Amino acid sequence: YSEGLFTPNTFEMFDSISSTEPAPYKISEQNQTFIESNLDLFPAETEDAKETMSTLIQEDLTYPMMSKTLSGFEGKLYRCSSALAGQVTQNILFGRSITRIVSRDEDYNYYYILYDGVLPDVYDGTTITFVGLPVSSSGFENVGGGTTNVIVLIGSYIAAI
């Protein structure tokens, strides 16, 4: 708190909204420690942060692996080189801009990405590349009456391509 107002760091912010999101999630203690120890990676805006981020990407991590279990992948970043942003929203929360993206890759795997910041070039229908920390498997009710399963990630880097 600062002057009586909740002024969370990235972990505290995303943890505080976890149960109210369309795709609810829980951040493990290991991922909490990782995020709080690497706040400059969420998002990675400086060249130093981007370099550190690139060393923490687990290149062999796949969507099927994450869907099965995230146990053992705490503190490992996931990179998707191409995904379609299907739903993009940006809101002010605790005095800062938060961007939420529902995206799918070419294999129709779905992601729910939470990003601490503004992404001025990312809109619905934009092809993106992203790096994020997978924190949970989740899902949300879709317009067809079923459930869309997603991997929830805390975004480190997102760019339109």
Whole-percent carbon and sulfur share, accessible surface of segment 57-161, 1.4 Å: 48 percent
Accessible-area value, Ser82, 1.4 Å probe, nucleic acids and ligands omitted, Å²: 50 Å²
Backbone HN-Hα couplings from phi across segment 36-47 [Karplus 6.51/-1.76/1.60, Hz, Gly and Pro as x]: 5, 7, 9, 4, 6, 8, 10, x, 8, 9, 8, 4
Assigned charges on the beta-carbon of Lys, Arg, Asp, Glu; the chain dipole about Cα centre (debye): 400 debye
The chain: most fluctuating residue of Gly132, Gly117, Gly146 per GNM, C-alpha cutoff 10 Å: Gly146
Inter-part distance where segment 86-138 and segment 60-83 are each reduced to a Cα centre, Å: 16 Å
Sparsely packed chymotrypsin sites (Phe, Trp or Tyr not before Pro) within segment 1-68, loop by DSSP, other Cβ within 10 Å at most 14: Tyr1, Phe6
222 nm mean residue ellipticity, helices alone, for the chain (DSSP H n ≥ 4; -39,500 (n - 2.57); rounded to 500): -5000 deg cm²/dmol
Formal net charge of residues neighbouring Asp15 (Cβ-Cβ distance under 12 Å; K, R +1; D, E -1): -3
For segment 1-153: accessible area per residue (Å², 1.4 Å): 52 Å²
Net charge over other residues, Cβ less than 15 angstrom from the Cβ of Asp60 (K, R count +1; D, E count -1): +2
Karplus-derived 3J(HN,Hα), 6.51/-1.76/1.60, for each residue of segment 107-115, Hz, glycine and proline x: 9, 6, 8, 10, 10, 10, 10, 10, 10
DSSP-assigned coil residues among GluC sites (Glu not before Pro) in segment 1-81, each with at most 15 further Cβ atoms within 10 Å: Glu3, Glu45, Glu59
Farthest toward positive dipole pole in the chain [+1 Lys/Arg, -1 Asp/Glu at C-beta], among Val122, Gly146, Ser82: Gly146
Cα shape, segment 74-161, gyration tensor, a/c 1.5 rule: rounded
Neighbourhood charge, 13 Å Cβ-Cβ cut-off, centred on Glu51 and excluding it, Lys, Arg +1 and Asp, Glu -1: -3
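The values are calculated or read from the model by the stated rules, or taken from the named source; none is laboratory data. It should be emphasised that the depicted structure is a prediction, and the values quoted were computed from it without experimental measurement. Cβ atoms come from the backbone with ideal geometry, glycine included; neighbour counts cover every protein chain shown. In case anyone asks, the SASA skips ligands and DNA or RNA and just uses the protein heavy atoms, side chains included. Shrake-Rupley method; radii C 1.70, N 1.55, O 1.52, S 1.80 Å.
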